[in-house]
Each structure stands twice: as structure tokens, then as C-alpha cells.
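Chemist: Sharing a structure with you now.
The values are calculated or read from the model by the stated rules, or taken from the named source; none is laboratory data. This one's a predicted model, so the numbers in the text were calculated from it and none came from an experiment. Heads up, the Cβs are rebuilt from the backbone with ideal geometry, glycines too, and the neighbour counts pull from every protein chain shown. Heavy atoms of the whole protein, side chains included, go into the accessibility calculation; ligands, DNA and RNA do not. Shrake-Rupley method; radii C 1.70, N 1.55, O 1.52, S 1.80 Å.
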Amino acid sequence: MAKIGIVGSTGRMGEHLIKNILENDALELSVLHVFGELKREVPSDVLVTNSMKAVLENCDVVIDFSAPAATQELCEEALKNPTPLVIATTGFTQHQQNLLKEASKEMPLLYASNMSAGIALLKQLVEQVAATLEDFDIEIVEQHHRHKVDAPSGTALTLGEFAAKGRGLDLDAVRVSGRDGQIGARSKDEIAVMALRGGDIVGRHTVGFYNDGEFLELNHTATSRETFSKGAIRAATWLVNQKSGLYSINDCLGI
């Protein structure tokens, strides 16, 4: 029975993770990292702490849905006490991205900006379509709830990276994330990644391929945050048996 620790347990995703793990008889919720007050009751044998060191000492695998600074602290501590890490935080700096890579040399680490099976498959489809329909313009639009703090979403950027990969391009060199005023005609290679925010939208991503006379749109809509919670739990139970290395959700799903 895998003992699971959670970083980001006081957030929206943390609540779903706690619920889903407690409902699964094959898993044990062993430790919760908190920055503030825990919003729900948990069994008395679950350790609640603000110490990353204590988290790593009391579980077999960590699921992290937190913030970049917390993930950085987790990885720095994990380098002293290697433990399998499932990272679902987004909005990293280059230094923090490099830290994930360094940590993966010492422990199995699975990073995904989105834990859903649908997005895992969509990434591959986007790369294939981008390569095949090479004359089509690529535009990506993501929609999320009003409380999301980063834009564009990590998932949208990941989809953009796969689109750019299909074209042999560097996303950072061709990405457009806003248009206003007399900007001139759209360039051939640019890939737009636009963000909409409002209401309680869990997550919707559209990758459009547009040409004269026709267009193709690939859509993914998440209707419940449990999609991401259950995906992360599936990843954790898989990762705990892997050797050191940097993994994706596609590795976990075998696609």
C-alpha cells in the first residue's frame, strides 16, 4: 500500500486529492503539507505539517499541486532525501525548471502541466496535425476560472510546444500572447496562445488549425477537477515503482 503525501493540500486540488485518496482502499494518505489552515477534517493518523523534510520522511511518493516557490522548496529538500515526486504545479521560472531536471537525476519525478489522459493524447495529435497541415495557421485558446493566477495556462503552453515541435520551431521565438492596435498581418510561423478568464470554468483548451476555405479545431474540456486529481493519483501509484528519471503523464499511460 503506497503512502502518499500531498503538497498544496489547502488548495482546491488538495481537497480533491484528500477525498480521492481516502476513498481508495489501496492507498494510504500519510502526510499533508500546509501553509495555512486545513479546510477539512482528516483521520488522526495523518501527519499535518509545514515541514517539507517531514513530508518526505513520512511517505513513499509526493503529489504536488502548489505554487512554484513551494515546489522549489520541495525539490531542494528532496535532493537531501530522494523521494518519488509527482509535480503538477505550473508557472515555473527557468531556474525552477532546471531544478526539476536536477532532482530527476536522484529520484523518479513525473512532471505534467495537466494530469488528464485526454490532454496527454491531445499533445500528440497536435504535433501530428501541425506537421501534416504545414500551411495552416495555429491558434490556441484556453479558458479557466477567475481565480487562476498564471496565464497562459501551463497546459496551453505545453500544447504550443508540441505544435511548434511539429513544425520544427522554437515556441519562445514564435509565440504571440496578445494582439492590439495596428499590428500588421499575421506571420506564417507565429503560434498564438491566448487566455480567457471567468466564472468557474475548470479548463477548456482549443487548438485551431486555420487555412483558406477550411479549418480544424481540437478541443479538450475538463468538467471536474477530479479529472486532474485522479490522474495525479494514477501517476503516483505508477511512479513509486520507477527508477530515477524525468517522466511525463504519457509515460505513465504508455502512449
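Chemist: Tell me the residue from A112, A156 that is farther than 20 Å from T237 by Cα and of a type in the set (A, V, I, L, M, F, W, C), please.
Modeler: Result: A156 is the single residue among A112, A156 that is farther than 20 Å from T237 by Cα and of a type in the set (A, V, I, L, M, F, W, C).
Chemist: Report the residue count in the stretch 215-227 for those that are under 18 Å from the mean Cα position of the chain (by Cα), more than 28 Å from A78 (Cβ to Cβ) and open to solvent by less than 50 Å² (accessible area, probe 1.4 Å).
Modeler: Residues that pass the stated criteria total 3.
Chemist: Going by the structure shown, is S9 buried (at least 20 other Cβ atoms within 10 Å of the Cβ) and of a type outside the set (V, I, T)?
Modeler: Considered against the rule, which asks whether it is buried (at least 20 other Cβ atoms within 10 Å of the Cβ) and of a type outside the set (V, I, T), S9 comes out as yes.
Chemist: Another question about this same structure. Check E161, E134, E142 and return the single one that is at pLDDT 95 or above and in contact with a strand residue (DSSP E or B) (Cβ under 7 Å, 6 or more places away or on another chain).
Modeler: None of the others qualify; the one that does is E142.
Chemist: Now a separate question. Scan K80, K39 and give me the residue that is modelled with pLDDT of 95 or more and either open to solvent by 30 Å² or more (accessible area, probe 1.4 Å) or within 17 Å of G14 (Cβ to Cβ) (or both).
Modeler: K80
Chemist: Next up: I'd like to check something: does the stretch 123-130 contain any residue that is in contact with a strand residue (DSSP E or B) (Cβ under 9 Å, 6 or more places away or on another chain) and basic (K, R)?
Modeler: no
Chemist: Oh, and also: Looking at V46, V61, V55, V34, which one is of a type outside the set (S, T, N, Q), modelled with pLDDT under 95 and surrounded by 15 or more Cβ atoms within 10 Å (Cβ to Cβ)?
Modeler: Criteria check complete, one pass: V34.
Chemist: OK, next. Quickly run through the stretch 127-149 and pick out the residues that are of a type in the set (D, E, K, R) and touching a helix residue (DSSP H, G or I) at 6+ places or on another chain (Cβ under 9 Å).
Modeler: Across the stretch 127-149, the qualifying residues are E127, E134, E142.
Chemist: Being of a type outside the set (D, E, K, R), part of a loop (DSSP other than H, G, I, E, B) and either under 18 Å from E127 (Cβ atoms) or open to solvent by 60 Å² or more (accessible area, probe 1.4 Å) (or both) is the filter here, so list the residues in the stretch 185-200 that pass it.
Modeler: Matches in the stretch 185-200: A185 only.
Chemist: When the residues of the stretch 228-255 are narrowed to those that are closer than 16 Å to E28 by Cα, within 17 Å of the chain's Cα centre (by Cα) and among the aliphatic types (A, V, I, L, M), which ends up most open to solvent (accessible area, probe 1.4 Å)?
Modeler: Filtering the stretch 228-255 for residues that are closer than 16 Å to E28 by Cα, within 17 Å of the chain's Cα centre (by Cα) and among the aliphatic types (A, V, I, L, M), the one most open to solvent (accessible area, probe 1.4 Å) comes out as I233.
Chemist: While we're on this one: Out of R186, R175, which single residue is among the basic types (K, R) and touching an Asp or Glu at 6+ places or on another chain (Cβ under 7 Å)?
Modeler: Result: R186 is the single residue among R186, R175 that is among the basic types (K, R) and touching an Asp or Glu at 6+ places or on another chain (Cβ under 7 Å).
Chemist: Take D212 and decide whether it is open to solvent by 50 Å² or more (accessible area, probe 1.4 Å), free of Cβ contacts under 8 Å to residues at least 40 places away in the same chain and among the charged types (D, E, K, R).
Modeler: In short, yes.
Chemist: In the stretch 86-104, how many are without any contact (Cβ under 8 Å) to a residue 40 or more places away in the chain and either in contact with a His (Cβ under 9 Å, 6 or more places away or on another chain) or outside any helix (DSSP H, G or I) (or both)?
Modeler: Total meeting the criteria: 3.
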